[in-house]
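The values are calculated or read from the model by the stated rules, or taken from the named source; none is laboratory data. Owing to the predicted nature of the structure, the values given are computational and were not obtained by experimental measurement. Every residue, glycine among them, receives a Cβ derived from its backbone with ideal geometry; neighbour counts consider all protein chains shown.
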Amino acid sequence: MALAFFAALAAFPALGANTSVHPASTNSQTKHSTHRRTVSRSRRPRGQQGIESSRVMEIQQALMRVHYLSGEPTGQWDERTKAAMQKYQADQGWQTKLLPDSRALKMLGLGPDYSNAINAKNSSFATPPPSSTTPPEQAAGFVEASGVSTH
C-alpha cells in the first residue's frame, strides 16, 4: 500500500498539475549570461606626459639665475635639473616629489603669460596700490558698507 501511495504521488505532478515542461535545447551551444563584458581598451594617458625642451631650457636658465644650477642649459629634463628643482622647492618649504611645482615656476618668473589674453590690451597687471593711499572718506565708506563694527 505504501508503494502504491508513493507511485501515485510521483505520478500526480505529471498528470495535470500546473507544471511547465521545457523541451531540451536543440542547439548544441549552451546559453551564456546576457551580462556584457566590457572590452578593455588601452587607456590614453591623461595630463602632461613630459616637459618640452624649450620649457626645460627656460626652467634651467631660471635655476641658473638663482644659483641652483650651473653649467649650460641643455633642454633635457635630466637628473641634475631634477635635483636642482627639488632643492629649490625644498628650500621654499614646498613638496619635492612632483616636479616642477607651479609655485616654484611662478617664483622663478615662469608663471603664466597673459599678454595674449582677450582683455590684456590696455590692462595693467601691476600690483594694486597699498591701502594707505585710499582716501579716508572712501575707506570709511568701505567699512560702513561691510557692516563690520569698528567699536
*Going by the structure shown, is SER146 at pLDDT below 90 and over 22 Å from ARG65 (Cα atoms)?*
yes
*Hey, can you tell me all the residues within region 126-144 that are under 28 Å from SER115 (Cβ atoms) and either surrounded by 10 or more Cβ atoms within 10 Å (Cβ to Cβ) or over 38 Å from the mean Cα position of the chain (by Cα) (or both)?*
THR133
*Identify all residues within region 63-96 that are part of a helix (DSSP H, G or I) and either farther than 19 Å from GLU52 by Cβ or of a type in the set (S, T, N, Q) (or both); write none if there are none.*
ARG65, THR81, ALA83, GLN86, LYS87, TYR88, GLN89, ALA90, ASP91, GLN92
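Looking only at region 97-112, which residues are in a loop (DSSP other than H, G, I, E, B), under 21 Å from ARG65 (Cβ atoms) and either at pLDDT below 75 or of a type in the set (A, V, I, L, M) (or both)?
The answer is LEU99, LEU108, LEU110.
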